[in-house]
Amino acid sequence: MVNEKVEQTAEKKTKATAVKASSKKDTTKKTAAKKTTTAAKKTTTKKKAATTKKAAAPKLVIVESPAKAKTIQKYLGKGYEVMASMGHIRDLPKSRLGVDIENGFKPEYIDIRGKGELRNELKKKAKKSSFVYLATDPDREGEAISWHLSNMLGLDNNQENRVTFNEITKSGVKNGMAAPRHIDVNLVNAQQTRRVLDRLVGYKLSPFLWKTVKPGLSAGRVQSVVVKLIVDREREIQAFKQEEYWTIDAKLSTSRSKKQFPAKLTSYQGEKVEIPNEEKAQQILSELENKDFVISEIKKGVKKKVPAPPFITSTLQQEASRRLGFQAKRTMKAAQELYEGIDLPKLGAVGLITYMRTDSLRISEEAVQGAREYITGKYGAEYLPESPRVYKKKGNTQDAHEAIRPTMPSMTPEQVKESLTLDQYKLYKLVWERFTASQMADALLDTVSATIDCGDYSFKSSGYSVRFDGFTVLYEESKDIPEEKSPALPELLQGETLNLNDLEKNQHFTQPPARYTEASIIKALEENGIGRPSTYAPTITTVIQRGYVERESKSLVPTQLGEVTTKLMEEEFSSIVNVDFTAEMETNLDKVEEGTADWVQTLSTFYTEFEKNLTEAEKKMEGMKLEVPDEVTDVICENCGRNMVIKMGRFGKFLACPGYPECKNTKKIVQETPGSCPVCGGKIHAKKSKKGKTYFGCEHNPQCPFMTWDKPVAEKCPNCGSTLFQKAGRGGKLHCLKEGCGYEKE
C-alpha cells in the first residue's frame with residue numbers, strides 16, 4: 001500500500017513536471033513566435049517606409065542642355081528634377097581607332113574626359129529618384145545619348161522611360177511626358193553606324209594623307225564630297241570659255257502715255273535671233289531704221305504665286321545665309337537657343353520655335369489653326385485660303401518632327417524683341433514670317449505680254465501688276481540669283497503703232513557658273529541626298545578650318561591644298577568622293593533606322609572595298625609626296641627681297657619667306673580697306689574677332705583705340721572729308737564716325 005502510494009505520488013510529480021515543462025515549452029514557442037511576428041512587422045514597416053520614401057522622391061528628367069532643363073523644370077514643377085547631360089557623356093576615344101573591326105565593328109565607348117563630376121551627380125540623383133526619364137533631343141544622336149545614359153545609370157533599356165519634346169512649351173512638354181516609350185535601338189544603331197563609318201574613314205584615311213600630302217590633314221566621308229563639289233565648280237569656272245553676244249533693246253511708248261517701257265528683239269521671220277558680234281548688231285539696226293513698231297499680239301493672263309513651305313533645317317540655313325548673311329553655324333546656334341527656351345516677361349522661360357533639326361514639312365492642326373486665326377485678325381478673311389495648306393514631304397524624309405515653326409503663332413516678333421539677342425530676333429522673325437506666310441492666300445498678278453513687229457523682226461515686252469498681294473504682304477522667299485522684275489506696262493492696244501524713243505545695241509558676255517555660297521552648297525547637298533540637316537553646318541565649318549576651302553566674301557573657294565587632296569582622293573578613293581555613293585550610304589543609314597538593314601552588315605560591305613582601296617593606294621604612293629604649291633604674294637620680304645608666300649599655321653594663315661630656313665621672316669596677313677582712321681588718320685585694317693566676326697580697326701592699335709563693326713567705304717564725308725562707314729546689317733546707311741560730325745547719308 002505504502003509502495004503504491006509512493007508510486008502514485010511519483011507518477012503525479014512526473015506528470016506535473018511534464019505538464020510544467022510542456023507549458024514552459026509552449027510559452028517559449030509563443031514568445032519566439034511573437035518575436036518573429038514583431039520582427040516581420042518591423043521589416044514590413046521598413047519596406048513600406050522605404051517604398052513611401054522612394055515614391056515621395058522626385059522623378060529625374062535628363063535633357064542635354066542647361067537652358068532646356070531650366071525651361072522644362074518650369075513646366076513640370078514639383079515632383080520632378082531636371083538635369084542636363086551637357087551633350088554626350090560617352091564617345092569613341094580620340095587617341096585611337098576605338099572600333100573592333102574583327103568582332104563585328106564593336107565600338108569602344110569611353111567616358112568623356114572632364115565630365116566625371118557630372119556623371120557622379122547624375123548617378124547620385126538617379127539612385128535617389130523614384131523614376132528616371134531620358135528626354136534628350138528627338139533625333140538619332142539624341143537617342144544614342146539616351147542609350148548611353150541608360151547604360152551608365154544601370155536602367156532597363158526596355159523600360160518605357162524615353163520621352164521627346166518637339167517643342168518646349170507647356171503643351172509640348174505635357175504631350176511628351178504623356179507618351180513615354182522604350183529606347184529605339186534602330187535609331188541608336190543608325191547613329192552608331194554613322195559614327196563608326198566616319199571614324200573608319202577619318203582614322204584610316206587621314207594618316208595616308210599625312211604621308212602623301214602634309215601632316216595634320218583630315219579626311220571625312222561627307223567633308224571630302226563637299227570639298228569635291230567646290231573643287232569641281234572651280235574647275236568649271238576655270239574651263240569656261242567666255243562668248244560674246246549682243247542684244248537689241250528698244251524703249252517705246254504709246255501716244256496716250258509718256259511712260260516708256262522696254263522691249264527686246266527676239267526673232268526674225270519667226271526664228272530666234274542670235275547676234276554674235278557688233279557687225280551683226282549694226283546690220284540689224286540699219287534694217288530697223290525708219291520702220292514702224294506695231295503691236296501684233298497681246299496676251300493677258302493672271303498668274304498665281306504660291307507661298308514657300310515652312311522651313312526645314314536646310315532651307316532655314318539657306319534663307320538665313322541669303323537674307324541675313326548668317327553662316328550655317330550661326331543660324332543653328334540661334335535656332336537652338338530659340339528652341340530651348342527664352343525668358344519672357346510674365347511667361348518665364350518658353351521655347352519659341354519647334355525642333356530645328358528636321359526635314360519634315362508636317363504641321364500640327366493646332367499650329368495651323370493658330371496661324372489662321374492670326375491671319376484673319378490681322379489681314380482679313382481674304383488673306384486666308386479656303387482650306388489649310390498641307391505641304392507634301394519628300395520621299396526620304398524622316399517625319400518624326402514637324403517643320404520649323406513658331407510654337408505660338410500669335411506671338412509676333414515685335415512682342416518678344418526686347419527679350420531676344422539681335423541674332424535670335426532676326427531668326428525668329430524669319431521663322432515666324434515664313435510659317436505665317438505659308439498659311440496665307442496666293443498672290444495674284446495681272447500679266448501682259450506684247451509682241452511688237454518691226455519689219456521682219458519681232459520684239460517682246462512683258463510686265464505685270466499686282467491684283468492681290470496675298471502672302472507677299474508679309475514675306476517672299478529670296479533667291480540665290482535675284483529674279484528680274486518686269487515693270488508694269490501701260491495700256492496697250494493690238495494693232496497700234498508705238499513711238500520709238502531709243503534703240504540701241506548692247507554687248508554682253510556669257511558668264512561662268514557662280515561659285516558656291518553656304519546657301520547654294522547646302523542646297524546642293526540636300527538635292528543630292530548627302531548628309532543630314534544636322535551635318536551641314538559642322539561639315540562646312542570643318543572644311544574651312546582644315547584649310548581645304550576658304551571664304552571670299554560669301555563665296556566658297558577651294559585652296560590649292562583642297563585641289564591637290566581632291567585630285568588624290570579621286571584617283572585612289574573614288575567611292576569616298578563619289579556623290580552618288582555617299583547619297584546611297586545615307587539611304588542605307590535610313591534603312592538601319594527603319595530596321596530593314598543590319599548595321600554590322602552595312603559597315604562590313606563598306607569596309608571591305610574601302611580597306612582594299614587603302615591597301616592598294618598605300619603601296620602605290622609609298623615613298624611619294626605630293627607638293628602643295630605655296631600661294632605667292634606681292635609682299636616683299638624686307639630681309640632678303642623674296643616675294644613672301646602664304647602659309648597655314650595653328651592660328652590660321654600668315655606670310656612667310658620662301659627662303660626658310662636661311663630666312664625665317666614671318667608676318668601677319670594684313671587686309672587693308674579703303675579710307676583712313678577718323679581718329680588719327682592711319683590705315684584701317686579688317687580684323688577677325690575671337691568668334692570669327694569681321695571688325696575694322698586702326699593700324700596703330702593699341703596706341704589708337706579706334707574700332708568699329710561698320711565697314712569703311714571709299715566715299716568721303718561731304719561735311720568734314722573723313723571716311724564714311726556703312727552701318728553693320730543688311731542695307732546699312734553710310735555715316736561719318738569723325739567725332740563731332742554726325743553726318744548720315746539719306
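Points to keep in mind about this one:
- Scope segment 351-365; condition polar (S, T, N, Q) and touching a residue at least 40 places away in the same chain (Cβ under 8 Å); matching residues: Thr354, Thr358, Ser360
- Filter result for Glu102 (surrounded by fewer than 17 Cβ atoms within 10 Å (Cβ to Cβ) and either at negative phi or touching a His at 6+ places or on another chain (Cβ under 8 Å) (or both)): yes
- Of all residues in segment 120-135, those that are within 21 Å of Lys68 (Cα to Cα), in contact with a Lys or Arg (Cβ under 9 Å, 6 or more places away or on another chain) and not β-branched (Val, Ile, Thr) total 5.
- Within the set Gly495, Gly470, the sole residue that is buried (at least 17 other Cβ atoms within 10 Å of the Cβ), modelled with pLDDT of 95 or more and not basic (Lys, Arg) turns out to be Gly470.
- Leu614 fulfils the conditions (1) surrounded by 15 or more Cβ atoms within 10 Å (Cβ to Cβ); (2) in a strand (DSSP E or B); (3) among the aliphatic types (A, V, I, L, M) except for a single criterion, (2).
- Enumeration of residues in segment 172-199 that are in contact (Cβ under 8 Å) with a residue 24 or more places away in the chain, surrounded by fewer than 17 Cβ atoms within 10 Å (Cβ to Cβ) and closer than 30 Å to Pro409 by Cβ: Lys174, Pro180
- Segment 695-733, residues that are under 30 Å from Ala328 (Cα atoms), of a type outside the set (A, V, I, L, M, F, W, C) and surrounded by 13 or more Cβ atoms within 10 Å (Cβ to Cβ): Tyr695, Gly697, Thr708, Asp710, Lys711, Pro712, Gln726, Lys727, Gly729, Gly732, Lys733
- Residue count for segment 683-694 under the criterion of being exposed (fewer than 15 other Cβ atoms within 10 Å of the Cβ) and not basic (Lys, Arg): the result is 4.
- Enumeration of residues in segment 578-595 that are farther than 22 Å from Val99 by Cβ, touching a helix residue (DSSP H, G or I) at 6+ places or on another chain (Cβ under 9 Å) and open to solvent by 50 Å² or more (accessible area, probe 1.4 Å): Asn578, Glu594
- Counting only strands (runs of 3 or more DSSP E) wholly contained in segment 643-738, the ones carrying 2 or more residues that are within 30 Å of Pro629 (Cα to Cα) occupy 643-649, 652-656, 671-676, 683-688.
- The set of residues in segment 441-485 that are within 30 Å of Gln283 (Cβ to Cβ), hydrophobic (A, V, I, L, M, F, W, C) and in a loop (DSSP other than H, G, I, E, B) is empty.
- Taking segment 632-642 as the range and being outside any loop (DSSP other than H, G, I, E, B) and open to solvent by 90 Å² or more (accessible area, probe 1.4 Å) as the test, the residues that pass are Val632, Asp634.
- Only one of the listed residues (Lys54, Lys123) is modelled with pLDDT of 95 or more, among the basic types (Lys, Arg) and closer than 23 Å to Gln159 by Cβ. That residue is Lys123.
- Scanning segment 550-577 for residues that are of a type outside the set (D, E, K, R), open to solvent by 60 Å² or more (accessible area, probe 1.4 Å) and more than 24 Å from Tyr695 (Cα to Cα) gives Gln560, Ser574.
- Here Lys78 qualifies as exposed (fewer than 15 other Cβ atoms within 10 Å of the Cβ), among the charged types (D, E, K, R) and not in a helix (DSSP H, G or I).
- Taking every residue in segment 366-383 that is part of a helix (DSSP H, G or I) and pairing it with any residue that is open to solvent by 70 Å² or more (accessible area, probe 1.4 Å), at least 6 positions away or on another chain, the pairs with Cβ-Cβ distances below 7 Å are Gly370/Ser410; Tyr374/Ser410.
- Of the residues making up segment 313-331, those that are charged (D, E, K, R) and open to solvent by less than 10 Å² (accessible area, probe 1.4 Å) number 1.
- For segment 119-138, the set of residues classified as part of a helix (DSSP H, G or I) and either open to solvent by 40 Å² or more (accessible area, probe 1.4 Å) or hydroxyl-bearing (Ser, Thr, Tyr) (or both) consists of Asn120, Glu121, Lys123, Lys124, Lys125, Lys127, Lys128, listed by residue number.
- Cβ-Cβ contacts under 7 Å between residues 6 or more apart (or on different chains), taken from a first residue in segment 325-345 that is among the small types (Gly, Ala, Ser) to a second residue that is open to solvent by 50 Å² or more (accessible area, probe 1.4 Å) and modelled with pLDDT of 90 or more, are listed as Gly341/Lys70.
The values are calculated or read from the model by the stated rules, or taken from the named source; none is laboratory data. Keep in mind that what you see is a predicted model, and the values were worked out from it rather than measured. Please note: Cβ atoms are built from the backbone with ideal geometry, for glycine as well, and neighbour counts cover all protein chains shown. All accessible areas refer to the heavy atoms of the entire protein, side chains included, with ligands and DNA or RNA removed. Shrake-Rupley method; radii C 1.70, N 1.55, O 1.52, S 1.80 Å.
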